[in-house]
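First up is the structure itself, then whatever we jot down about it.
The values are calculated or read from the model by the stated rules, or taken from the named source; none is laboratory data. Computed from a predicted model, the values in this text were never measured in an experiment. Note that each Cβ is placed from the backbone with ideal geometry, even for glycine, and that neighbours are counted across all protein chains shown. Surface areas here come from the heavy atoms of the whole protein model, side chains and all, with no ligands, DNA or RNA. Shrake-Rupley method; radii C 1.70, N 1.55, O 1.52, S 1.80 Å.
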Amino acid sequence: MTTYNGPAVLLVEDGRKFDTEASLSKDDAGSWSGTLTFRDTTLFRDLLNTTDGHLLVNGQPGEFIRPDTSDWTANPGGPGLMRILGSGPAPF
């Protein structure tokens, strides 16, 4: 299993970019998934209904889906966590 823990950039449909911390893993078959951590609590409302997007890890793009928008974990004052499932080659 391969893992990545570090900075990433989330790109959403309307072209906005959000800095995040990614904790990602890839199995031997190439399937990947993980969590994105957002420390800026003002972003929660903007990202709440995100169902897919692109993630840049060290400049490498990866597409993902978020099948369950109710999985958003936010603590008062942050951080917020979003679970994602890769759809295509991993960006790490």
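Observations
- Summing +1 for each Lys or Arg and -1 for each Asp or Glu among the other residues whose beta-carbon sits under 11 angstrom from that of Arg66 gives -2.
- Only helical runs count toward this figure. For the chain, summing -39,500 (n - 2.57) over DSSP H runs of n ≥ 4 and dividing by all residues gives -500 deg cm²/dmol at 222 nm.
- Carbon plus sulfur fraction of accessible area for the chain, probe 1.4 Å, in percent: 49 percent
- For the range 1-87, applying the loop criterion from DSSP together with a ceiling of 15 other beta carbons within 10 Å to the GluC sites (Glu not before Pro) yields Glu13.
- Each residue of the range 49-61 is assigned a 3J(HN,Hα), and the resulting list reads 9, 5, 10, 6, x, 10, 10, 10, 10, 6, x, 8, x Hz, derived from the Karplus form 6.51 cos²θ - 1.76 cosθ + 1.60 (θ = phi - 60°), x at Gly and Pro.
- Selected from Asp52, Asp68, Asp27 as most flexible by GNM, with the chain as the system and alpha-carbon contacts under 10 Å: Asp27
- Between Met1 and Asp52, the distance separating the two model label sites (each 7 Å from Cα on the Cα→Cβ line) works out to 2.7 nm.
- The label-point distance for Ser31 and Arg45, in a model that sets each label 7 Å from Cα toward Cβ, rounds to 3.7 nm.
- Neighbours of Pro7 by Cβ distance under 12 Å: Lys/Arg scored +1, Asp/Glu scored -1, total -1.
- In the context of the full set of protein chains, the chain has a per residue accessible area of 57 Å² (1.4 Å probe).
- Considering all C-alpha pairs of the chain, those separated by over 17 Å amount to 42%.
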